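The values are calculated or read from the model by the stated rules, or taken from the named source; none is laboratory data. In this text the structure is predicted, and so the values were computed from the model without any measurement. Cβ coordinates were reconstructed from backbone atoms using ideal geometry, including for glycine residues, and neighbour counts include every protein chain displayed.
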Amino acid sequence: MSFILNIETATKNCSVSIAKNGETIICREIAEEGYSHAEKLHVFIEEVIAEAGVAIEDLVAVAVSQGPGSYTGLRIGVSAAKGLCFALNIPLIAVDTLQTLASQAKVSEGKIIPMLDARRMEVYSEIFAADLKVERTIQAEIITEDSFKGYTETVYFVGDCAEKCKTVLTQSNFVFLEEIKYPSAAAMSKISYDKYQKSDTVDVAYFEPYYLKDFMMAPPSKKA
């Protein structure tokens, strides 16, 4: 039996799951405006391991969301995942955040476009077929009324951008699945297990999250 711990912290959703052979046993998650990842993540890890009845030594790998997403959230998740992999001497698996988000849309046709908010009208997006094959890789792009205009089949949008994008993306074949807002560690289970079976892992020492854009720190405000 292959037990994998999945960690998803790329968005406001702090999410952890334990999976056996690609099937989620238990998941703990919370989405808060204040980004409580630093306080919640290690608690969730302890809880899912205990409630799954799995010893931490039984883990064969740790999977972590690689981005794009929140700079701070990604750093917290990757640091925790690396620490566990070092301590247990097990492999680290990196999972595309947008693929995890897209996999939560259970559709049999059309396109799936996961989008994560990158402020103003910019989003991080990727385009998948209904079977989750990548049709266009990740981009940071400004959404306009002409975005994705060439598609005639049904296009399903998922992610935390529905509120700001649905007033612009108004084609009749565009469908917003607003209930699917954040990627979840529960949806990572099959993806991480498939990668584990193929030995598709990353170097624990040198792996870095995929930020897509450089982190920009706001300059300090000037005092009068």
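Structure data summary
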read-out	value
Restricting region 153-189 to residues that are of a type in the set (Ser, Thr, Tyr) and farther than 18 Å from GLU32 by Cβ, the residue that is farthest from the chain's Cα centre (by Cα)	SER172
Residue identified as in a strand (DSSP E or B) and charged (D, E, K, R) among GLU57, GLU29, GLU46	GLU29
Yes/no for VAL134 being closer than 25 Å to ASN13 by Cβ, surrounded by fewer than 22 Cβ atoms within 10 Å (Cβ to Cβ) and out of contact with any Asp or Glu (no Cβ under 9 Å at 6 or more places or on another chain)	no
Scan of region 181-206 for residues that are buried (at least 20 other Cβ atoms within 10 Å of the Cβ) and either in contact with a Cys (Cβ under 8 Å, 6 or more places away or on another chain) or acidic (Asp, Glu) (or both), ordered by number	SER184, ALA185, ALA186
Which numbered condition ILE76 misses (of (1) modelled with pLDDT of 95 or more; (2) outside the structural domain of ALA187 (by TED's automatic domain parsing))	(2)
Hits in region 151-198 (condition: of a type in the set (Phe, Trp, Tyr) and free of Cβ contacts under 8 Å to residues at least 60 places away in the same chain)	TYR151, TYR156, PHE157, PHE174, PHE176
Condition check for GLU39: in a strand (DSSP E or B) and either of a type outside the set (A, V, I, L, M, F, W, C) or in contact with a Lys or Arg (Cβ under 6 Å, 6 or more places away or on another chain) (or both)	no
Residue match in region 167-175 (condition: modelled with pLDDT under 95 and of a type outside the set (Phe, Trp, Tyr))	yes
Residues of region 69-115 satisfying the condition of being small (Gly, Ala, Ser), more than 13 Å from the chain's Cα centre (by Cα) and over 22 Å from SER147 (Cα atoms)	SER79, ALA80, ALA81, GLY83, ALA87, SER108
